[in-house]
Amino acid sequence: MAQGVLDTSVEFLKGVGPKRAEMLNKELSIFNFGDLLYHYPFRYVDKTQFHQIRDLQEDSGAVQLRGILRRLSVAGEGRKRRLVGRLRDDTGYIELVWFTGVHWLEKQLEIGAEYVVYGRVNAFRNQLNIAHPEMERIGAEQVKKASAFAPVYPSTDKLNTKGLDAKVRRRIMKALFEKLTPADLPENLPAYLVQKFRFPSRFSALRQIHFPKTQEELQQARNRLKFEELFFLQLRLLQIRRKRKDAIKGWNFEKIGDYFNGFYKNKLPFELTGAQKRVLREIRKDLGSGVQMNRLLQGDVGSGKTIVGLMSMLMALDNGFQTCLMAPTEILAQQHFQSISEYVEGMDIEVAFLSGSVKGKKRKAVLEGVREGKIDILIGTHALIEPTVEFKNLGLSITDEQHRFGVAQRAKLWVKNKPFPPHVLVMTATPIPRTLAMTLYGDLDVSVIDELPPGRKPVKTMHKTENHRMRVIGFMREEIAKGRQVYVVFPLIEESEKLDLQNLQDGYEALSREFPAPDYQISVVHGRMKPDDKDFEMQRFVKHETQIMVATTVIEVGVNVPNASIMVIENTERFGLSQLHQLRGRVGRGAEQSFCILMSSFKLSKEGKERIQTMVRTNNGFEIAEADLKLRGPGNIEGTQQSGILNFRIADLARDGKILKTAREVAARILDNDPKLEKPDHHPIKWYLEKHGKKLKGWSRIS
Ligand code: ADP
Ligand code: MG
């Protein structure tokens, strides 16, 4: 039975048995042969090559060396007692350290003898060393043995201490492959693809990922398995998108009427950018197609998404529908409410606001107005998705997402109309790298505003350290003398809130000395203040009664003070890239040249340095997002954590962008030519999807 083998319980594999099986179940959710097979090594002990000591670096990882043990002595007392050795090759020397087994090792190891040494490079007080290296005396016969790849599997402490350590795991995997034949792992890709990409067969790839003989074999296996993983994901996402387009009818907004045209001719205060026009055309096409729109609108901070959202709403109004706009925070929702109310003033459009803070009679009136269709545009926070909010005929729902809404919340807006769901437009301000967008939003249509309104001067960004402090202060004075205003931002995170608040307070006091009243006035805003006080301080800054605003990241979203043209960020190394980019988006909103000054300590981690350099190098949100993805990996990008969709077995969105793009293109072409996967060539795909469809189903909840 070809399919049966993979379903066999691990218990029955040689070397496992009931006890170990239970541990594998509990610790790693490995139940059957298939689970075991798909649990790939996360790294390999590569003993196929020797490193030279001269080339070693802090981040060299695990290395194999070959050299002569030159010194060996016991150092330290009590718990710090350790054995320290020195290994020398033709290019240099490195320290070796052992904290346990000191006595025994001291006897075993021989000064002056040649060893093969294997271990992970560490840096301690600016010196490289290897702790607890594996040591092997070199005799003629050992050299041969040393040239092999060994897989290392993700494990847990429990497994390691209970007899399921690396060596046992390897043995178990060997036993598994003794049981498997190519017939157990039939091909799941069309033969023409395997040929075209010169992939190893599915069976070979799986064997090679566990037991590669060479780097090249490993690479081939990885390529194929990554492609496979991304290909089936994209295939599913594209299938979902097609299915929705076939099945989910949408309102057909037949006409462009007086609201839209009137606004365009008489009220639009500026010329739309080319990108805005293009996106509006894309939206127009969706809304008139009779199929529900599901569109993601990406655009950098300040690229002008709001007006695009508003004009899409006007298309809905022209066709007799209501619309809503949901924002992630109260401040942002308020701001949308104000600016949209201003835009449509005198146009006979009813705009209303709803959030948790709207209570009593006012709330009742809004809910009634929405139900009876008197309110045309409803703007608010996630209060909009509560069941009590019933629309008469919702035709379009827009979310201004900034990554803060979950997928499930977005879906709730769908059910707010019968028989058809409203069209959906999601606007996101933090650009998402293409590879992520293709996956997270792979079943949506995507529009991009990749052009800023004209006349904006790009923000000039500089990196300064503490010894430049006086010059930075001098620069602030000059700019304030020209009538500008300044933000000074401090980090604040929950884990170190007390310290952070103190830090902000100290910073505020230092600034007060440099910028004394009555000539200068300073506002302070942070998350621990009462909303009223916060608002009061914000308003003072907005009205230009104060020149400096000392704040935590609460200003990240929502304030728009075009006259504020300087942003000083303190402890920049403690901010994430996307956060820095959002913060910087607060300046550069007026006609003046704006500046962003990134203050940091002199000593920076490699990653901290790279983040700051990225900010100095570019203002392009997409470039920054790509850098962020590379530095932190996809799981840490804001908004992706809860989605689960990024839990790949082997693919890595930060690195495998090219493979992903190819996989998506191939999947799209296949579905174009053979939507139901009925051609004989595509039977392997169909079979595989049917067999594994259940596991892939979770993805249908996206959007
Ligand atoms: P975001 O994409 O960050 O939401 P906004 O919609 O808030 O950007 O727009 C930022 C600013 O740019 C607003 O003050 C808006 O009035 C202005 N704006 C938008 N589009 C244009 C345009 N085509 N020309 C000039 N200014 C524009
Ligand atoms: Mg916006």
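The values are calculated or read from the model by the stated rules, or taken from the named source; none is laboratory data. Here the structure is a predicted model, which is why all the values come from computation and not from measurement. Here the Cβ positions follow ideal geometry from the backbone for every residue, glycine too, while neighbour counts run over all protein chains shown. Only protein heavy atoms, including side chains, enter the accessible area calculation; ligands, DNA and RNA are left aside. Shrake-Rupley method; radii C 1.70, N 1.55, O 1.52, S 1.80 Å.
Would you grab the residues whose amide H sits under 5 Å from the one on VAL568? Only those 5+ places off in sequence or on another chain, please, with H modelled 1.01 Å from N.
TYR487, VAL488, VAL489, ILE597
Straight-line reach from LYS226: which aspartates and glutamates have Cα under 18 Å away, leaving out those fewer than 8 places along the same chain?
In chain and number order, the partners are ASP35, GLU187, GLU216, GLU217, ASP652, ASP656, GLU665.
To make sure I understand the rule: partners must be aspartates and glutamates, Cα under 15 Å from the Cα of LYS19, and not fewer than 8 residues away in the same chain. Which ones qualify?
GLU11, GLU27, ASP165
Please list, in chain and number order, the residues 5+ apart from LYS460 or on another chain whose amide H is under 5 Å from its amide H, with Hs placed from the backbone.
Hits under the 5 Å cutoff: SER594, PHE595, CYS596.
Beyond 29 Å between alpha-carbons counts as too far, so tell me which of LYS534/LYS603; LYS362/LYS534; LYS167/LYS691; LYS460/LYS609 fall in that bin.
Checking Cα-Cα distances, LYS534/LYS603; LYS167/LYS691 exceed 29 Å.
Using each residue's phi in the range 237-253, evaluate 6.51 cos²θ - 1.76 cosθ + 1.60 at θ = phi - 60° and report the 3J(HN,Hα) Karplus result to the nearest Hz, with x for Gly and Pro.
So the J values, rounded to whole Hz, are 4, 5, 4, 4, 5, 5, 4, 5, 5, 6, 9, 8, 5, x, 4, 9, 7.
Counting each DSSP H run of 4 or more residues in the chain as -39500 (n - 2.57), what helix-only mean residue ellipticity at 222 nm follows after dividing by all residues, to the nearest 500 deg cm²/dmol?
Calculated mean residue ellipticity at 222 nm is -12000 deg cm²/dmol.
Kindly state, as a whole number, the per residue volume in cubic angstrom of the convex hull around the alpha carbon atoms of the range 273-410.
Hull volume normalised by residue count: 116 Å³.
Could you look at the chain and say what percent of its accessible area is carbon and sulfur, using a 1.4 Å probe and all protein chains?
The computed percentage sits at 50.
Among the DSSP beta bridges whose two residues both lie in the chain, what percent are antiparallel, rounded to the nearest 5?
Antiparallel bridges: around 40 percent, rounded to the nearest 5.
May I ask you to order 463-474, 285-296, 89-100 by the average number of other C-beta atoms within 10 Å around their residues, highest value first?
285-296, 89-100, 463-474
If you take the square roots of the eigenvalues of the alpha-carbon gyration tensor of the range 460-618 and sort them as a ≥ b ≥ c, do you get rounded (a/c under 1.5), prolate (a/b over b/c) or oblate?
Rounded shape, in that the Cα axes give a/c under 1.5.
For LEU354, which sequence-distant residues (separation of 5 or more, or a different chain) have an amide H within less than 5 Å of its own amide H, given hydrogens modelled in the peptide plane?
Long-range HN contacts for LEU354: ILE379, GLY380, THR381.
Under a straight-distance cross-link criterion of Cα-Cα below 15 Å, which aspartates and glutamates are reachable from LYS107, leaving out those fewer than 8 residues away in the same chain?
GLU136
DSSP loop GluC sites (Glu not before Pro) in the range 529-612 with at most 16 other Cβ atoms within 10 Å of their Cβ, which ones?
Passing both the DSSP loop test and the Cβ count: GLU545.
Mind checking the dipole of the chain: about its Cα centre, +1 per Lys or Arg Cβ, -1 per Asp or Glu Cβ, Debye to the nearest 20?
Dipole about the Cα centre, nearest 20: 1780 debye.
So what is the accessible area of the range 59-160 per residue, in Å², with the probe set to 1.4 Å?
It amounts to 60 Å² per residue over the range 59-160.
On the Cα set of the chain, report Rg and Dmax in Å, please.
In Å, with Rg to one decimal and Dmax whole: 30.7, 93.
Report the net charge of residues surrounding ALA21, where surrounding means a beta-carbon distance below 13 angstrom and charges are Lys +1, Arg +1, Asp -1, Glu -1.
Result for the local shell: +1.
Can you tell me the order of 391-399, 436-444, 47-55, 214-222 when each peptide is scored by its average per-residue count of other Cβ atoms within 10 angstrom, highest first?
391-399, 436-444, 214-222, 47-55
Using θ = phi - 60° and the Karplus curve 6.51 cos²θ - 1.76 cosθ + 1.60, what whole-Hz ³J(HN,Hα) does each residue of the range 486-498 get, with Gly and Pro shown as x?
Per residue, the Karplus-derived 3J(HN,Hα) values read 10, 9, 10, 10, 10, x, 8, 10, 4, 4, 10, 4, 4 Hz.
Express the accessible area of the range 548-612 per residue in Å², computed with a 1.4 Å probe while the remaining protein chains stay in the model.
Accessible area per residue, the range 548-612: 31 Å².
How would the range 49-146 be classified by its alpha-carbon gyration tensor: rounded, prolate or oblate, with rounded meaning a/c under 1.5 and the a/b versus b/c comparison settling the rest?
Here the range 49-146 falls in the oblate category.
Given ILE30, LEU13, PHE490, which one lies farthest toward the positive end of the charge dipole of the chain, if we put +1 on the Cβ of every Lys and Arg and -1 on the Cβ of every Asp and Glu?
Towards the positive end, the residue furthest out is LEU13.
Across the range 378-387, in residue order, what do the Karplus-derived ³J(HN,Hα) couplings come to in whole Hz, using 6.51 cos²θ - 1.76 cosθ + 1.60 with θ = phi - 60° and x for Gly and Pro?
Using θ = phi - 60°, the values come out as 10, 10, x, 9, 4, 4, 4, 8, 5, x Hz.
Among PHE515, ASN467, PHE536, pick out the residue whose Cα is farthest towards the positive end of the charge dipole of the range 460-537, where Lys and Arg carry +1 and Asp and Glu carry -1 on C-beta, about the Cα centre.
Toward the positive end, the furthest listed residue is ASN467.
If Lys and Arg each add +1 and Asp and Glu each add -1, what is the summed charge of the other residues whose beta carbon sits under 15 Å from the beta carbon of GLU466?
Summing Lys and Arg as +1 and Asp and Glu as -1 gives +1.
When the dipole is taken about the Cα centre of the range 49-146, and only Lys, Arg (+1) and Asp, Glu (-1) are charged at their Cβ, what size is it in debye, to the nearest 20?
For this selection, approximately 320 debye.
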